[in-house]
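Please treat every number below as a calculation from the coordinates, not as lab data. No experiment lies behind these values; they were computed from the predicted model shown. Methodologically, a virtual Cβ is constructed for each residue, glycine included, from the backbone with ideal geometry; neighbour enumeration extends over all protein chains shown.
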Amino acid sequence: QVQLVESGGGLVQPGGSLRLSCAASGTIVSLYAMGWYRQAPGKQRELVARITSGGSTNYADSVKGRFDVSIDNAKNTVSLQMNSLKPEDTAVHYCNAELTPYGTVGVGYYWGQGTQVTVSS
């Protein structure tokens, strides 16, 4: 059984930085990609950043140049370095992993429980 555990959320002032981390546990046969999504109150969940096991990345336009996503394939972890944070970055941030667990076929999509990021003075 695969579980994603996130850490690193919190309260920060505008212009500040936070680093989110997420670790996937369980017996994983293949890891394809990991990433971060976020959901603000009253809004749909949206992609923030995604990175493949090969290192290809894509970012939401709103975070380009401010956020940096990285992956450690050996540890099945993904991190999101968030700089120059703005109040509009306030949301629950969710870790996502695209992987094949042991004993299954095909790619499954797994989610963490979410971590709150609040940007406010």
Taking the convex hull of the alpha-carbon atoms of segment 8-112 and averaging its shadow over every direction gives an area in square nanometres of 6.8 nm²
May I ask you to list the lysines whose Cα is less than 30 Å away from that of Lys75, ignoring any residue fewer than eight positions away on the same chain?
-> Lys64
How much net charge surrounds Ala24 when only the other residues with a Cβ under 12 Å from the Cβ of Ala24 are counted, with Lys and Arg +1 and Asp and Glu -1?
-> -2
So, with points 7 Å from each Cα along the Cβ direction, the Gln3-Ser30 label distance in nm works out to 2.7 nm
Any idea what diffusion coefficient segment 66-120 gets from Stokes-Einstein, in µm²/s, Kirkwood Rh on alpha carbon pairs, 37 °C, 0.692 mPa s?
-> 248 µm²/s
Over the Cα atoms of segment 11-65, compute the convex hull volume and normalise it per residue, giving Å³.
-> 135 Å³
Quote the charge dipole size of the chain about the Cα centre in Debye, to the nearest 20; the model charges only the Cβ of Lys and Arg (+1) and of Asp and Glu (-1).
-> 100 debye
Grab the other residues whose beta carbon is less than 14 angstrom from that of Gly10, score K and R as +1, D and E as -1, and report the net.
-> -1
